[in-house]
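Throughout, read-outs are computed from the coordinates displayed, never taken from laboratory work. Predicted model only: the values in this text are computed from it and were never measured. Because the Cβ atoms are built from the backbone with ideal geometry, glycine has one as well, and the counts that use them run over all protein chains shown.
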Amino acid sequence: MKVLTINTEECTGCKLCELACSFVKAGSFNPLNSAIKIYYFDKNLEFVPLVCTQCRDAYCVKVCPTGSLYRNPETGVVEYNKALCIMCKQCMMACPWGSIKPNLTSDAMIKCDHCGGDPECVKYCPQGALLYVEVEDAVYFKQRETATKYLRGE
Amino acid sequence: MKYRGELLRINLTDKNIIREKLKADIFFNYLWGRGYASKLLLDEMNPAVDPLSPENKLIFALGPFAGTPLPATSRMMVVTKGALNGLIASSNVGGYFPFELQHAGYTLIVIEGKADNPVYIWINDETVEIRDASHLWGKTTSEVDALLKDETHPEAKTVEIGPAGEKLSRIAAIIIDAHRAAGRTGVGAVMGSKNLKAIAVRGTRGVSVISSQRLKDYLTKIYERVKKSGGVTMFRTYGTTRTVRAINSIGAFPTHNHRDGFFDEYLLIDGENVNKEILVRNGSCAGCPIACNRISKVYWKGEEYVGGGPEYETLWAFGGQTGISDLHAVTYAHFLANEYGFDGISLGSTIAALMDLFESGIIGEDNLPFPVKFGDAEAMINLIHLAAKREGIGDLIAEGSYELTKHFGHPKFSMSVKKQELPAYDPRGVKGMGLAYATSNRGGCHVRAFTVTEEVYNTDDPEYRLKYDDKALIVKELQDKQAVVDSLGICSFARTIYGVDDFSEMLEVTWDIDLSPEKLLKCGERIWNVERLFNVRAGFTREHDTLPERLFKEAIKTGPSKGEIYDKREFEKLLFEYYRLRGWDENGVPREKKLKELGII
């Protein structure tokens with residue numbers, strides 16, 4: 001199972017992930033129609049991208065009255081079927097992270113579905129701040145860094 | 001053609017707000033950004049007006065790709081009659097404001113008139129308000145940025161002036177998002193003269209281009225190129241800071257107010273040391289994969305400061321030019337310039353001119369609150385504070401180096417062309433830059449024709465930079481090309497990614513606009529001539545197209561360009577050759593034939 005991981009230290013706040021996502025999800029360049037969102041902390045110029053965590057027991061799926069949100073058992077991704085959606089926005093209220101929201105320009109929700117296994121945001125991230133990796137590899141680099149520190153006796 | 005651009009015209013005198021469609025006959029001939037705005041200025045305004053009068057107009061102009069992921073295409077030009085010298089000014093800047101402005105639906109903002117009291121403008125998509133700013137007056141730029149986000153929207157992006165612009169300093173900048181500067185030619189004073197403290201913008205409308213497979217393919221292709229570009233990697237790793245080493249190594253790094261062209265202590269302010277000592281991380285402009293911006297942390301008098309910068313130009317202006325090698329002090333000076341809203345190049349070089357006057361014995365301690373010797377970091381920082389308050393000698397510093405040195409009777413100590421302080425490439429060591437400085441439409445500036453690439457990097461001849469040769473042609477061609485780059489809102493550093501051929505393709509796949517590379521370059525020449533025409537009508541002529549006397553008379557003393565001067569006779573030859581190539585007369589005035597050929601008259 002693959003996960004979308006974020007390395008905030010590498011993010012430069014360039015917004016390319018937001019543009020790429022909104023283009024594929026909503027057909028125009030608009031960060032407000034992107035499933036991934038960068039938060040800016042101006043005082044120290046820090047940037048933190050946020051994206052759907054694909055919860056296993058997802059609140060959005062639980063509250064959806066029509067079954068338009070459902071978990072794909074193979075990939076673990078919570079997917080969205082627009083045809084069944086009645087735009088009640090219960091999912092938006094229920095998500096604790098703010099990861100699902102309505103499309104500003106059409107009657108649909110914006111939901112991260114990893115673009116079916118080839119996320120656009122990752123393709124456009126020039127800094128390697130976004131990675132799409134097998135879940136067991138997601139911690140590999142952090143572990144290696146820790147191991148290196150041990151080796152150097154830090 | 002799917003393109004629809006909108007212009008927002010705001011008159012601060014009568015509070016009128018008008019929306020206009022961009023005119024196709026203008027953008028097909030003058031493009032967008034700098035070109036469109038220059039054409040508007042020439043058509044709508046008398047070039048002879050006082051730059052600080054309500055008759056002057058202040059234009060913020062974007063290119064046609066702003067707000068898209070086409071790499072490094074969301075730059076903004078601030079176009080007006082500059083307060084520093086009365087030339088047509090265009091000052092380029094990135095950050096997030098330009099991107100946000102396009103997402104609110106506007107490609108140009110034209111500010112006219114003058115408000116009775118301090119105001120700011122709040123643009124929230126189609127809602128545009130002129131609001132009271134009396135509570136913001138006197139505040140520094142980061143304070144204004146934070147307060148505006150509280151008052152409007154946390155995601156709003158801002159442009160603002162600091163105390164320098166309010167006090168009409170002729171070297172005042174307009175600051176973007178608190179950390180970036182439309183620095184040159186005194187655009188901040190023009191904004192201050194209109195009682196306009198800031199503009200905040202929030203855009204939710206997005207940019208709807210042609211959503212085609214061709215655009216997707218083009219984006220894929222261009223991002224592959226970004227990944228492979230060595231230039232991109234260099235800018236990402238060092239920003240512009242490693243240029244210190246590169247330019248000092250050819251002996252063209254002006255030092256001690258151009259007394260020399262080589263700085264012994266250069267390693268202390270070079271990119272390697274920036275990365276090691278003060279760099280926290282990279283930042284970027286919206287929509288840019290290069291991310292050249294430095295975010296640094298420095299200490300001054302035990303206090304910690306975090307901000308955007310430094311850049312090559314400020315490492316030089318507050319470093320080599322003043323003879324200071326304390327990286328923390330130099331970077332802190334850059335931060336202060338942004339906080340107070342000064343142009344870093346002009347401020348640093350003006351302080352260097354003052355140091356030169358002092359060390360030459362022209363002024364003594366009776367003129368100054370403290371001694372101002374080359375290399376004295378504390379004196380420099382204190383002078384910046386005084387300049388922001390316009391207190392004592394600071395009042396003269398705020399007028400720029402020309403007025404300062406003239407006040408003391410020695411204007412030749414001002415290292416400026418048309419009163420604008422020269423940037424960090426010594427023409428004695430890179431001859432093409434001399435002609436580029438002398439003929440730049442906004443006074444001493446390196447970005448209208450950056451000949452260094454041709455003279456140093458794209459040649460096998462290590463002596464080529466010291467020859468006069470064909471430099472007139474190089475300057476002319478680079479000026480025309482740069483006018484295209486600026487008028488499409490493209491960052492100069494994207495030159496490592498794409499060229500004019502790409503621009504044509506981008507216009508086609510994004511907006512279905514047909515402009516061949518040849519037509520684009522013709523637009524560039526047209527823009528250059530329109531700007532020159534503005535300057536001619538503002539009273540500028542051949543006598544102003546020159547260099548500071550020191551560069552003609554005093555040789556570089558040490559380093560690889562030791563013994564080099566700028567030969568005056570060679571300069572005159574280059575200038576006349578340049579006029580000939582331009583189709584201008586011997587006084588530098590565009591001939592009627594040329595203006596007709598370009599369709600300007």
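At a glance:
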{"quantity": "Helical segments meeting 18 Å axial Cα length and Kyte-Doolittle 0.5 threshold in chain B (DSSP H)", "calculated": "B:344-359, B:377-389"}
{"quantity": "Within the protein assembly as shown, helix-based [θ] at 222 nm, where runs of 4 or more DSSP H residues each add -39,500 (n - 2.57), nearest 500", "calculated": "-10500 deg cm²/dmol"}
{"quantity": "Highest average packing first - B:370-382, B:400-412, Cβ atoms within 10 Å", "calculated": "B:400-412, B:370-382"}
{"quantity": "Free-standing Cys residues across chain A, given no other cysteine C-beta under 4.7 angstrom", "calculated": "A:C11, A:C14, A:C21, A:C55, A:C64, A:C85, A:C88, A:C95, A:C115, A:C125"}
{"quantity": "Size of electric dipole in segment A:54-111: Cβ of Lys, Arg +1 and of Asp, Glu -1, about Cα centre, debye, nearest 20", "calculated": "100 debye"}
{"quantity": "Point-charge dipole on Cβ atoms (K/R +1, D/E -1) for segment A:1-122, about Cα centre, debye to 20", "calculated": "400 debye"}
{"quantity": "FRET E, pair A:K149, B:T237, Förster distance 22 Å, beta-carbon r, rounded to 0.05", "calculated": "0.40"}
{"quantity": "Hits among lysines - C-alpha to C-alpha of A:K82 under 22 Å, sequence gap 8 or more where chains match", "calculated": "A:K25, A:K37, A:K62, A:K101, A:K111"}
{"quantity": "DSSP bridge pairs, the protein assembly as shown: antiparallel proportion in percent, nearest 5", "calculated": "85 percent"}
{"quantity": "Unit charges at the beta carbon, dipole of the protein assembly as shown: most positive-side option, B:T141, B:Y578, B:I278", "calculated": "B:Y578"}
{"quantity": "Charge-dipole axis of the protein assembly as shown as Lys and Arg at +1 and Asp and Glu at -1 on Cβ define it, positive-most pick from B:L347, B:P54, B:A173", "calculated": "B:P54"}
{"quantity": "Interchain or long-range residues, amide H under 5 Å from A:C112's placed H", "calculated": "A:C52"}
{"quantity": "Nearby aspartates and glutamates by direct alpha-carbon distance to A:K123 (threshold 17 angstrom, same-chain neighbours under 8 apart not counted)", "calculated": "A:E10, A:E18, A:D113, A:E134, B:D217, B:E224"}
{"quantity": "Tensor-based shape of the protein assembly as shown (alpha-carbon gyration tensor, a/c under 1.5 rounded, otherwise prolate or oblate)", "calculated": "prolate"}
{"quantity": "Relative contact order (%) - criterion: Cα under 8 Å, at least six apart; region: chain B", "calculated": "16 percent"}
{"quantity": "Between 0 and 90°, nearest 10: helix A:140-152 axis offset from chain A longest Cα axis", "calculated": "20 degrees"}
{"quantity": "Within chain B, percent of DSSP bridges classed antiparallel, to nearest 5", "calculated": "80 percent"}
{"quantity": "Anisotropy class of chain B from Cα gyration tensor, a/c 1.5 cut", "calculated": "rounded"}
{"quantity": "Length-normalised contact order for chain A - Cα pairs under 8 Å, 6+ apart - percent", "calculated": "29 percent"}
{"quantity": "Charge-dipole axis of segment A:54-111 as Lys and Arg at +1 and Asp and Glu at -1 on Cβ define it, positive-most pick from A:M92, A:A58, A:I110", "calculated": "A:M92"}
{"quantity": "Test item: Cα-centred dipole of segment B:6-202, Lys/Arg +1 and Asp/Glu -1 on Cβ, debye", "calculated": "540 debye"}
{"quantity": "Ranked B:K114, B:K57, B:K301, A:K82, criterion: other C-beta atoms within 10 Å, fewest first", "calculated": "B:K301, A:K82, B:K114, B:K57"}
{"quantity": "Prolate/oblate/rounded label for segment B:6-202 (Cα gyration tensor, a/c 1.5)", "calculated": "rounded"}
{"quantity": "Antiparallel bridges, percent of DSSP beta bridges restricted to segment B:6-202 (to nearest 5)", "calculated": "75 percent"}
